[in-house]
Amino acid sequence: MGREIPYIALTENEVEEMLEEVGIKDVDELYSDIPSKYLLERFDFPPSRSEIEVKKMIEEILSRNRCVGELKLFIGGGAWPHYIPSAVKEIVSRSEFLTSYTPYQPEASQGILQALFEYQSLLAELLEIDVVNASMYDWATALGEAFRMAARVTGRRRILYPHYISPQRREVASTYSSGMGLRLEDYMQLEDGSVDLEDLKSRLDRGVAAVYIEYPSYLGFIAKNIKAVGELAHEVGALFIVGVDPTALGIFEAPGKLGADIVVGEGQPLGLPMSFGGPLLGILGCRLEPRLLHSLPGRLIGMTKTLRGDERAYCMVLQSREQHIKREKATSNICTNQALCAVAVAAYLSLLGKNGFIELGRQILARTSYMVGKLSEISGVRAPLFDAPHFKEFAYRVDRYSSRELLRKLLENGIVGGIDLSREFNELDNSILTCVTEMHSKRDIDEYVGIVKEVVEG
Amino acid sequence: MRFRQARFVEPLVFELSRPGAHGSEFPVLEPELERSLEEALNEIPEELRRRDLGLPELSEPDVIRHFTRLSEMNYSITAGMYPLGSCTMKYNPVLNEEVASSPKVLDVHPLQPEETVQGCLKLLYDLEQLLKKLTGMDRFSFQPSAGAHGEFLGCLIIREYHRSKGRNRKIMIIPDSAHGTNPASAAMAGFEVRVVKSNECGCVDVEELERMVDEDVAGIMLTNPNTLGIFEKDIERIVEIIHGVDGLLYYDGANLNALLGKVRPGDMGFDIIHLNLHKTFSTPHGGGGPGSGPIGVVEKLVDFLPPPLVEYDEESDRYYLDYDRPRSVGRVKMFHGNFSVLVKTYAYLLRMGGDGLRKVAETSVLTSNYLMRKIEKLRGVSLPFDPKRPRKHEFVVSLQPLYKETGVMVIDVAKRLLDYGYHAPTIYFPLIVDEAFMVEPTETESKREIDGFYQALKDVLDEAYRDPERVKNAPYNTAVGRVDEVRASRPKTMIPSWRVYRRMEG
């Protein structure tokens, strides 16, 4: 006993003065209205520790991890290893952003408001869509909200989604949809990565609220007939939802230009660490159309003016959609989101700028193409599994060898080789989903390919 | 008046753009990679090639200065007191930031093989053990990223619990003083919301509750202490009534700060709880997130938690993920929740310990009652609901008398407080109090800060009687004057992006 408790500001004298003002002798009197049976006499919990001890304890626990630097990570599937410029880290560690609350008082919070407005605006340029909200938790929850939004807007209950989707993302979207009783059905994708339009047509009718497609897909391929998919959806009055990995959009056409009504995606590749899967950043945007806008969940920041004059100012807008005003009639329950992650993305996109962002895409595309080419030269390897343009990720299959065994061999050499797809899709036996980014040198890729060659060719 | 916020006229990044400027570079592509790139580019169909990219062009110093200036126009808990009721804006220890910025946290992929992430798994496992002790719950899921996200998951579990018993219960009961997220979350999970009124003591009206509860009721969502800062004294009876129809009790953990180490929600009879790690456990709020809202449940609900849960095999000293959860309501997020936020929470809990957490609760309750007893005596203020009862970590006064006597509204008072260097308390909430002014000082403010806030409020109220217009036109010392929020949301003048702005300006 007797240890000073950290972070508590009152001195003993101050406590005495306060007790006196309140008119009590002991702070326990303030708990006198709680039935005594609920008050703990003894609290079974470890004792407080010094900063030195805590730091050592946590470092020791974390030392059991192997991270980038100790391992070469060729794995994506929802979080991807990318480079984060030092300037981004500097900006988001500024305590003025880090330790502020939701900007309920705009006059004292212009900094975060403008930064979030810039996030929305930069994403709007990248996606070529007018409105992007100030963030959702991750791509998967953004997708769940997009499905709900589509159902509210159209009054319909069926959603069509691609067969090859991250199983976790599909599960989250399905959990989100369950409260509204939506029916989710998958449509087929062909061996060249395009959508099976006949299959899609056979499922489309006026009961479909939305058709969803990913661009690039979970398996890294681009559907060449993506525009036709949107057109088919629109023909029956369904909304077209496009899910993106934004790093592809320096090279590939923006979803807004492909007919998307709603865009979702993952912002983590744009300046956020993987952090064992969180925080991530859910992108959610839509066209500027009243029925869409008023159904859009989440925080939205707008540019306005001060009441007195012509000074530009920023504040939260359309709060009448949100839970603190509308309660059970709100478009979503979301309140706390991923604001600081959005600031990181704003800083990242500002730094890379137009040319840097295109170069990022080229760097990734070059490595994807190089690695696919190298793997395809190995007999007994089919790379890529889908005959389509790929970006950042691709699936390959090994004959005469188990994908699980191959991943184990790679790990023995300090390489995390990807995701074992045979555990996710029955038809993709002995297949691996691999990821390359600007982080991987040619030597890293050659090393990976060399091991596969050695293992597969025996 | 000792406060003056920075007032930069800072253009948008788009307006700062200087064609040709660049803030990043990449390795030069080797010839082989360059060839691969050309091949890949040729494969892309014409109509899928990006034509135009409207991102700005800036140098690294441009970008750093821009965001630094913006940050200087942002109030934060690091800079001063932030007495937002129900938000628990306590000091955010910098140790947390340091331990969570290790590459062993940041540069780890969520789908790495288990043997390479034993540290993450052990930390999750150990944190769960601490939260169980703290709340009296049996298992936790870390997937929810925020309080509301936890509520949504909790509501799905309540629905699934009833389904597992072969019934479709439709009604969720929620007090009129509840946070707005409660009814929104219940509705998202497919429930109809039935509102129970507060009585003259500011607590759930138990007689009305008894009349409302029938076999259609799935459960109740409660905050205790409630948003008035009052402990629900009839909690035992409420639990009896709800459990009497086999309903479930959901505990909104936003106000747990008052009870840390003193009272456990599990002991009161709650079945599900969410915690706001970014409130009670000192992780920063980041201007609106990321937070973390893990939920804990009692034994009979463990099967419904989303996959995976972290388990420990003592024999091999290995931690592993259990994905085999056939009765689960399903995932609510990718991967394992906001992991780096969990690391910060773990550091905080280790540092505070049981003795520290109890002192957090007691001190937060003391500072709140101290400030309330001083503020209630001010002209223009009234203390609704059983003024003699102690409040817990927060309290709500009404500025209705001030409004009636001067025409100055609570929002004006809030704005004027900004001029004194204090963030305003929560206003117009809970909805059952007119001109509500909801204050939560927390345990990390010194008496000097708290007295300073009191003095500032006193000065503002005095000024409102003397010169109401001065208060109504506040603030004056912030980065900008009073913002036109109506214009901001009007369809014809709303500007949600630079893209839309450009179009409107023609």
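The values are calculated or read from the model by the stated rules, or taken from the named source; none is laboratory data. Just so it is clear, the model here is predicted, and its values are computed rather than measured. Don't worry about glycine lacking a Cβ; one is built from the backbone with ideal geometry, like all the others, and counts go over all protein chains shown.
Filter segment B:140-171 for residues that are part of a strand (DSSP E or B) and over 15 Å from B:Phe270 (Cα atoms) and give the result.
Listed by number, the residues that qualify are B:Ser141, B:Ile171.
Mind checking which residues of segment A:276-321 are under 23 Å from the mean Cα position of the chain (by Cα) and free of Cβ contacts under 8 Å to residues at least 24 places away in the same chain?
A:Phe276
Check every one of the helices (runs of 4 or more DSSP H) wholly within segment A:274-385 and list those with 3 or more residues that are more than 7 Å from every other protein chain (Cβ to nearest Cβ).
Once the helices (runs of 4 or more DSSP H) in segment A:274-385 are filtered for at least 3 residues that are more than 7 Å from every other protein chain (Cβ to nearest Cβ), what remains is A:290-293, A:339-376.
Can you tell me which residue among B:Thr88, B:Thr78 is of a type in the set (Ser, Thr, Tyr), more than 7 Å from chain A (Cβ to nearest Cβ) and part of a loop (DSSP other than H, G, I, E, B)?
One residue alone meets the criteria, B:Thr88.
Of the conditions (1) surrounded by fewer than 22 Cβ atoms within 10 Å (Cβ to Cβ); (2) more than 7 Å from chain A (Cβ to nearest Cβ); (3) in a helix (DSSP H, G or I), B:Asn96 clears all except one; give me its number.
(1)
Evaluate the following for B:Ile272: is it surrounded by 24 or more Cβ atoms within 10 Å (Cβ to Cβ) and either closer than 18 Å to A:Ser36 by Cα or among the basic types (Lys, Arg) (or both)?
For B:Ile272, the condition - surrounded by 24 or more Cβ atoms within 10 Å (Cβ to Cβ) and either closer than 18 Å to A:Ser36 by Cα or among the basic types (Lys, Arg) (or both) - is not met.
Could you check segment A:16-72 and list, in sequence order, the residues that are closer than 17 Å to B:Thr367 by Cα and either touching a residue at least 24 places away in the same chain (Cβ under 8 Å) or among the β-branched types (Val, Ile, Thr) (or both)?
A:Val22, A:Ile24, A:Val27
Does segment B:178-197 include one or more residues that are charged (D, E, K, R) and more than 11 Å from chain A (Cβ to nearest Cβ)?
yes
For the subset of segment A:362-407 comprising residues that are β-branched (Val, Ile, Thr) and under 27 Å from the mean Cα position of the chain (by Cα), which member is nearest to A:Ser431 (Cα to Cα)?
Once the filter is applied, the top-ranked residue is A:Val372.
I'm told A:Leu349 meets every condition in (1) surrounded by 24 or more Cβ atoms within 10 Å (Cβ to Cβ); (2) more than 29 Å from B:Thr426 (Cα to Cα); (3) in contact with a His (Cβ under 9 Å, 6 or more places away or on another chain); (4) of a type outside the set (D, E, K, R) except one. Can you identify the failing condition by its number?
(3)
It is to be established whether one or more residues within segment A:413-423 are outside the structural domain of A:Phe221 (by TED's automatic domain parsing) and more than 28 Å from A:Arg170 (Cα to Cα).
Within segment A:413-423 (the criterion being outside the structural domain of A:Phe221 (by TED's automatic domain parsing) and more than 28 Å from A:Arg170 (Cα to Cα)), the answer is yes, since at least one residue qualifies.
Go over the candidates A:Arg169, A:Arg94, A:Arg156, A:Arg152 one by one and state the one that is basic (Lys, Arg) and under 15 Å from the mean Cα position of the chain (by Cα).
Checking each option against the conditions leaves just A:Arg169.
Report, ordered by the first and then the second residue, all pairs with beta carbons closer than 8 Å, sequence separation of six or more or different chains, a first member in segment B:102-116 that is more than 7 Å from chain A (Cβ to nearest Cβ), and a second member that is surrounded by fewer than 20 Cβ atoms within 10 Å (Cβ to Cβ).
Note: pairs meeting the criteria are B:Glu114/B:Arg318; B:Glu114/B:Tyr320; B:Glu114/B:Leu321; B:Glu115/B:Arg318.
What single numbered condition from (1) more than 27 Å from B:Arg318 (Cα to Cα); (2) assigned to a loop (DSSP other than H, G, I, E, B); (3) of a type outside the set (Ser, Thr, Tyr); (4) within 26 Å of the chain's Cα centre (by Cα) fails to hold for B:Pro110?
Condition not satisfied by B:Pro110: (1).
Got a sec? Which of B:Leu402, B:Leu383, B:Leu350 is surrounded by fewer than 21 Cβ atoms within 10 Å (Cβ to Cβ) and modelled with pLDDT of 95 or more?
Exactly one residue qualifies, and that residue is B:Leu383.
Return yes or no: is B:Arg35 under 30 Å from A:Glu311 (Cβ atoms) and more than 7 Å from chain A (Cβ to nearest Cβ)?
For B:Arg35, the condition - under 30 Å from A:Glu311 (Cβ atoms) and more than 7 Å from chain A (Cβ to nearest Cβ) - is not met.
Where residues in segment A:160-176 are farther than 13 Å from B:Lys333 by Cα and not aromatic (Phe, Trp, Tyr), which of them is surrounded by the fewest Cβ atoms within 10 Å (Cβ to Cβ)?
Only one residue fits best here, namely A:His163.
Show the residue pairs meeting these rules: Cβ distance below 7 Å; 6+ apart or different chains; first residue within segment A:408-433 and over 18 Å from A:Tyr448 (Cα atoms); second residue among the aromatic types (Phe, Trp, Tyr).
So the pair list comes out empty.
Might you let me know whether segment B:205-214 holds any residue that is farther than 24 Å from B:Ile432 by Cβ, in contact with a Leu (Cβ under 9 Å, 6 or more places away or on another chain) and surrounded by fewer than 18 Cβ atoms within 10 Å (Cβ to Cβ)?
There is no residue in segment B:205-214 that is farther than 24 Å from B:Ile432 by Cβ, in contact with a Leu (Cβ under 9 Å, 6 or more places away or on another chain) and surrounded by fewer than 18 Cβ atoms within 10 Å (Cβ to Cβ).
Determine which member of the set A:Val372, A:Val343 is of a type in the set (Val, Ile, Thr), touching a residue at least 12 places away in the same chain (Cβ under 8 Å) and in contact with a Gly (Cβ under 9 Å, 6 or more places away or on another chain).
Matching residue, one of A:Val372, A:Val343: A:Val343.
Pairs under 8 Å by beta carbon, first residue in a helix (DSSP H, G or I) in segment A:128-152, partner buried (at least 24 other Cβ atoms within 10 Å of the Cβ) and among the basic types (Lys, Arg), six or more apart or different chains?
Listed pairs, sorted by first residue: A:Trp139/A:Arg169; A:Ala140/A:Arg169; A:Ala140/B:Arg331; A:Ala140/B:Lys333; A:Thr141/B:Lys333; A:Leu143/A:Arg169.
Looking only at segment B:410-426, which residues are assigned to a loop (DSSP other than H, G, I, E, B) and on the phi < 0 side of the Ramachandran plot?
B:Asp419, B:Tyr420, B:Tyr422, B:His423, B:Ala424, B:Pro425
Please determine, by comparing only the residues of segment B:483-506 that are more than 7 Å from every other protein chain (Cβ to nearest Cβ) and not in a loop (DSSP other than H, G, I, E, B), which one is modelled with the lowest pLDDT.
Ranking the candidates gives B:Glu505 first.
Please name all residue pairs, on different chains or six or more residues apart, with Cβ atoms under 7 Å, provided the first residue is in segment A:163-190 and is under 20 Å from A:Gly282 (Cα atoms) and the second residue is of a type in the set (D, E, K, R) and surrounded by fewer than 22 Cβ atoms within 10 Å (Cβ to Cβ).
A:Pro167/A:Glu424
Looking at segment B:359-406, which of its residues are touching a Leu at 6+ places or on another chain (Cβ under 6 Å) and small (Gly, Ala, Ser)?
Once the filter is applied, which keeps residues that are touching a Leu at 6+ places or on another chain (Cβ under 6 Å) and small (Gly, Ala, Ser), segment B:359-406 yields B:Ala361, B:Gly380.
I'd like the full set of residues that are surrounded by 14 or more Cβ atoms within 10 Å (Cβ to Cβ) and at the interface with chain A (Cβ under 7 Å from one of its Cβ atoms), limited to segment B:46-65.
Once the filter is applied, which keeps residues that are surrounded by 14 or more Cβ atoms within 10 Å (Cβ to Cβ) and at the interface with chain A (Cβ under 7 Å from one of its Cβ atoms), segment B:46-65 yields B:Leu48, B:Arg50, B:Leu53, B:Gly54, B:Leu55, B:Pro56, B:Glu57, B:Leu58, B:Glu60, B:Val63, B:Ile64.
Within segment B:215-239, can you find the residues that are under 20 Å from B:Arg159 (Cα atoms), acidic (Asp, Glu) and surrounded by 15 or more Cβ atoms within 10 Å (Cβ to Cβ)?
B:Asp216
List, please: which pairs have Cβ atoms under 8 Å, are six or more places apart or on different chains, and start with a residue in segment B:26-55 that is closer than 17 Å to A:Phe221 by Cβ and end with one that is of a type in the set (Asp, Glu) and surrounded by 14 or more Cβ atoms within 10 Å (Cβ to Cβ)?
Correct list of pairs: B:Glu47/A:Glu253; B:Leu48/A:Glu253; B:Arg49/A:Glu253.
Are there strands (runs of 3 or more DSSP E) fully within segment B:292-409 with at least 2 residues that are within 26 Å of the chain's Cα centre (by Cα) and more than 14 Å from chain A (Cβ to nearest Cβ)? List them.
Strands (runs of 3 or more DSSP E) meeting the threshold: B:295-297, B:395-398.
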